[in-house]
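Encoded as structure tokens, the structure appears first; notes follow it.
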Ligand SMILES: *[C@@H]1O[C@H](CO)[C@@H](O)[C@H](O)[C@H]1NC(C)=O
Ligand SMILES: *[C@@H]1O[C@H](CO)[C@@H](O)[C@H](O)[C@H]1NC(C)=O
Ligand SMILES: *[C@@H]1O[C@H](CO)[C@@H](O)[C@H](O)[C@H]1NC(C)=O
């Protein structure tokens with residue numbers, strides 16, 4: 001656990017805590033978890049939208065528990081809510097980016113609903129209807145996978161005058177949108193090590209790569225002539241974006257009076273799982289960190305390679321971590337509620 005003081009002003013005001021009995025960093029026990037993001041977090045919102053001709057759920061909609069999310073099971077966010085006994089309000093939508101004014105991605109006849117233009121306004125409406133009290137609520141955002149990915153930054157399909165820094169800025173501004181509505185307690189989950197996602201790895205079958213077309217990026221092979229370079233480009237977006245978060249997010253958020261921020265190192269944790277899978281994955285051997293379990297044709301006919309061994313895989317499909325990876329993320333994320341955890345840095349001014 002790290003408590004870091006941020007500016008000269010913060011240095012004099014903030015206490016750098018060390019040793020002694022642990023005091024809850026937040027000064028409260030949260031009753032609610034509000035999550036924003038993409039398919040890594042989505043519990044069924046995209047399914048609702050595609051099942052209802054593109055209509056988003058009505059105001060005050062309470063989402064049922066999703067048993068079959070993009071991880072092949074429950075979402076990490078649900079596991080967190082269960083273990084911390086909090087109410088989950090999950091606005092994440094599969095396919096989402098931070099802003100459709102930066103990296104719009106096509107969904108049906110429109111665009112995937114984005115964090116800044118859909119998810120946060122939807123929460124705003126619900127928060128009044130459902131009387132979600134900001135003082136009892138932890139807000140978290142995990143976005144970027146699609147923003148930097150296929151049909152967006154990495155394939156140069158962003159809008160003019162847009163680069164990685166606009167995406168990271170959008171994430172910080174999304175937190176500010178919430179701050180303006182009264183939110184004070186934030187978690188920012190940094191980007192996953194996507195340079196190891198089979199979708200972005202060399203297309204050779206022996207490397208577990210996604211070869212040929214993919215449901216997640218249909219025209220990949222027409223756009224990408226050099227997959228080694230693709231892997232490097234994705235890696236650079238992740239590295240650079242996370243480095244920006246590391247300095248920029250605390251510098252901005254802790255300027256907002258009364259705001260507290262936890263930066264959760266999804267990258268570090270997931271890399272550790274990739275490097276030491278037997279410490280985390282628990283299906284039957286062999287454990288698999290390079291391939292993936294669920295293989296789909298372009299019309300979404302999917303087949304699991306080892307349906308009995310879902311917990312042996314890091315990747316459920318070519319882009320999404322498995323449910324077991326989600327359980328690990330949830331276990332580590334839940335520590336944030338107590339102001340603890342080796343993958344999290346805490347900031348306040
Ligand atoms: C992206 O960020 C750069 C650097 O801050 C800025 O000059 C540019 O206007 C931004 N683009 C958009 C579309 O906001
Ligand atoms: C593909 O990209 C890699 C990494 O940038 C480079 O080393 C390699 O020469 C490229 N291959 C071709 C065929 O251009
Ligand atoms: C793996 O561990 C999780 C708890 O982290 C448990 O829920 C799951 O059933 C385990 N999987 C197997 C195959 O034992």
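The values are calculated or read from the model by the stated rules, or taken from the named source; none is laboratory data. What you are looking at is a predicted structure, and each value in this text was computed from that prediction instead of being measured. Don't worry about glycine lacking a Cβ; one is built from the backbone with ideal geometry, like all the others, and counts go over all protein chains shown.
Mind listing just one residue for me: the one in the range 295-349 that is within 16 Å of ligand 3 (Cβ to nearest atom) and assigned to a strand (DSSP E or B) and, of those, farthest from residue 261 (Cα to Cα)? Walk me through it before giving the result.
Pass one, the range 295-349, residues within 16 Å of ligand 3 (Cβ to nearest atom): 304-314, 316, 321-335.
Filter again for assigned to a strand (DSSP E or B), leaving 304, 313-314, 321.
Numbers: 304: 39, 313: 32, 314: 28, 321: 25 Å.
If we take residues in the range 295-349 being within 16 Å of ligand 3 (Cβ to nearest atom) and assigned to a strand (DSSP E or B), then 304 is farthest from residue 261 (Cα to Cα).
Answer with yes or no whether residue 148 is at pLDDT 95 or above and more than 16 Å from ligand 3 (Cβ to nearest atom). Lay out the reasoning, then the answer.
Values: at pLDDT 95 or above: yes; more than 16 Å from ligand 3 (Cβ to nearest atom): yes.
Considered against the rule, which asks whether it is at pLDDT 95 or above and more than 16 Å from ligand 3 (Cβ to nearest atom), residue 148 comes out as yes.
Exactly one residue out of 89, 123, 79, 139 is more than 16 Å from ligand 3 (Cβ to nearest atom), farther than 21 Å from residue 241 by Cβ and under 16 Å from the mean Cα position of the chain (by Cα), and it is 89. Within the range 220-236, restricting attention to residues that are without any contact (Cβ under 8 Å) to a residue 24 or more places away in the chain and part of a helix (DSSP H, G or I), the residue that is nearest to ligand 1 (Cβ to nearest atom) is 236. Picking from 214, 174, which residue would you name as being surrounded by 15 or more Cβ atoms within 10 Å (Cβ to Cβ), modelled with pLDDT of 95 or more and away from ligand 3 (no atom under 16 Å from the Cβ)? Within the list 214, 174, the selection yields 174. Within 30 Å of residue 293 (Cα to Cα) and either within 17 Å of the chain's Cα centre (by Cα) or surrounded by fewer than 17 Cβ atoms within 10 Å (Cβ to Cβ) (or both): does that describe residue 59? No; evaluated as a whole, the condition is false for this residue.
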